[in-house]
């Protein structure tokens, strides 16, 4: 269920709910409405109000179940769309890698072609064709995927073995352009929000300094003393790991990274 379909469904549910509440309110105060009080309509309105009051629990349960089903469909759709997008990203990487290879084989081409073909067909479980009817096929919803396929087919090694590097570069750039166009439109459906704490500067670095609280250091020393009181099954391994730890601590830089990589804190 797309975002537009979800909004339409919710609007219909709100309209029905509002209508029921208005009718219930009017039936409740029918004896105070001029032209209705003292007429057979007042008795009918009173009966209607009693019926709505008796059926309120059933009505609320049905509405809640309906909305739960709607949101479940939306959740499944978003999951399918996210999986399709991950497949598109992997396909883009496979096609880019193919165009970057100086020498490609038929197997390389077939692997890349099967990847884009699967991605195109997997779109069927997410979207129907635009303008599709019982008699018309319609238009594929995201044409850039076919642009990526055509760009790949233009450098098929089975047709030409001497494809120049410039032509491969052109195909690669066409694939990237198609991917960027697809990303700009397809991800709109996911309702993505901007991060609350983005890091927008280049060469950003960690603000925290190496070290830990006094309580953590005390707990570390306590655990070390407790373990040292027990006999070690492999003293050689303990000594080896201790030397590695001490060497990493000695080479620790102010940014919190040692010579061999991050400490994991």
Exercise for review: Find the residue count for region 49-83, including only residues that are over 25 Å from residue 26 (Cβ atoms) and more than 31 Å from the chain's Cα centre (by Cα).
Suggested key: 0
Point to revise | Tabulated pairs, region 186-212, first within 22 Å of residue 6 (Cα to Cα), second part of a loop (DSSP other than H, G, I, E, B) and at pLDDT 90 or above, C-beta under 7 angstrom, 6+ apart or interchain | key: 186/142
Check your understanding: Does residue 170 satisfy the condition of being over 29 Å from the mean Cα position of the chain (by Cα), surrounded by fewer than 19 Cβ atoms within 10 Å (Cβ to Cβ) and either part of a helix (DSSP H, G or I) or modelled with pLDDT of 95 or more (or both)?
Key -> yes
Exercise for review: Could you check, for region 128-143, whether at least one of its residues is crowded, with 16+ Cβ neighbours inside 10 Å and over 24 Å from residue 190 (Cβ atoms)?
Suggested key: no
Review point. In region 173-182, is there at least one residue being in the same structural domain as residue 98 (by TED's automatic domain parsing), surrounded by 10 or more Cβ atoms within 10 Å (Cβ to Cβ), more than 30 Å from residue 130 (Cα to Cα) and at pLDDT 95 or above?
Key: no
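The values are calculated or read from the model by the stated rules, or taken from the named source; none is laboratory data. These numbers were taken from a predicted model, which means no experiment stands behind them. No Cβ is skipped: glycine too gets one built from the backbone with ideal geometry, and neighbour counts run over all protein chains shown.
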